[in-house]
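Structure record follows, encoded as structure tokens.
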Amino acid sequence: YGVATRELHIHEVSNSDLAPFLKDAHSQIASVCVKIHGSVVSTAEKSQRALGHTHYVTPSTFIQFVQSTCKILKSEHQRIRARINHLEAGQCQFTEADNKVSMMRTELKELKPKIDAKAMEVEELMSKLSAEQEEMDLLKQAVDLEHRRVAMETKHIAELTADAESNLKAVLPALEEAEKGLNSLKKSDLLEIRSYSTPPSMVVHVMSAVCVLLQESTEWNKVKHLMAEPVAFLRQLTEFNKNNVPGKVFSKLENYTSDPNFTPGNV
């Protein structure tokens, strides 16, 4: 009992968190430790007599048991302390929320005169809107007329769009064929064209149209210089943005497309 009391006192001093938990409880805890130790010794003696096995229960074993008990008590104390801290934090949050609610009530009380004033302003505004209703009706009539005019223009634009789409469908096969022809061009084809000192008229005609489309000079020497790098020239053709051609370029291209001999078959 004395050893247990001493060990409990040592742990109480070395573990400040455990001190409140062990205060005024030394005698009870020491008594329990002594009873458990006595039960272990008795069981060890019975086992020796019955089975012939010797189990040594020494004073150091008892000291270790008391120390383990103190560690368990400390662990439980920490667990309970953590729960208490959690509850205290929750209580602080509730208090803070209550304070905020009180502040909001005070603010609402202070804002009530302003809210009443705004309500009067709204009432006056509604009266003004009621007086302007006739003017709004006239404006609505004007808007309806404009709406009908826009509807007619929209219908006309839709008809033009349908015609454009019809024309586009008509030329899509030719566009696809042109793209296939462009993709089939090889470096050797461009080198052959570039080798002409006096090219055939149709070659000049086609390459001039290409240069107009690329917004480059149509002089043959300039055309040959443009094809000096065949790979780069082919990439320029395949990556050409056909959806962003300026109107002036289309005007120049009409000089070529209006030629009845300027057809894929003749080329």
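The values are calculated or read from the model by the stated rules, or taken from the named source; none is laboratory data. Just so it is clear, the structure is predicted and the values come from calculations on it, not from any experiment. Here Cβ is always computed from backbone atoms with ideal geometry, including for glycine, and neighbour counts include all displayed protein chains. The accessibility values were calculated without ligands, DNA or RNA, using every heavy atom of the protein model including side chains. Shrake-Rupley method; radii C 1.70, N 1.55, O 1.52, S 1.80 Å.
At a glance:
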{"quantity": "Percent carbon-and-sulfur accessible area, segment 201-267, ignoring ligands, DNA and RNA, probe 1.4 Å", "calculated": "50"}
{"quantity": "Partners for LYS118 among lysines (Cα-Cα distance below 17 Å; same-chain residues under 8 apart left out)", "calculated": "LYS109, LYS128"}
{"quantity": "Surface accessible to a 1.4 Å probe, VAL40 within the full protein complex, Å²", "calculated": "70"}
{"quantity": "All lysines inside 20 Å of LYS112 as judged from Cα atoms, apart from same-chain residues fewer than 8 positions distant", "calculated": "LYS100"}
{"quantity": "Neighbourhood charge, 14 Å Cβ-Cβ cut-off, centred on GLY52 and excluding it, Lys, Arg +1 and Asp, Glu -1", "calculated": "+1"}
{"quantity": "Dmax and Rg, reported as Rg then Dmax, of segment 82-154 (C-alpha, Å)", "calculated": "27.6, 78"}
{"quantity": "All lysines inside 25 Å of LYS222 as judged from Cα atoms, apart from same-chain residues fewer than 8 positions distant", "calculated": "LYS186, LYS187, LYS242, LYS248, LYS252"}
{"quantity": "For segment 34-68 versus segment 211-267, the gap between their alpha-carbon centres in whole angstrom", "calculated": "107"}
{"quantity": "Heavy atoms of ASP163: accessible area, 1.4 Å probe, square angstrom to 10", "calculated": "90"}
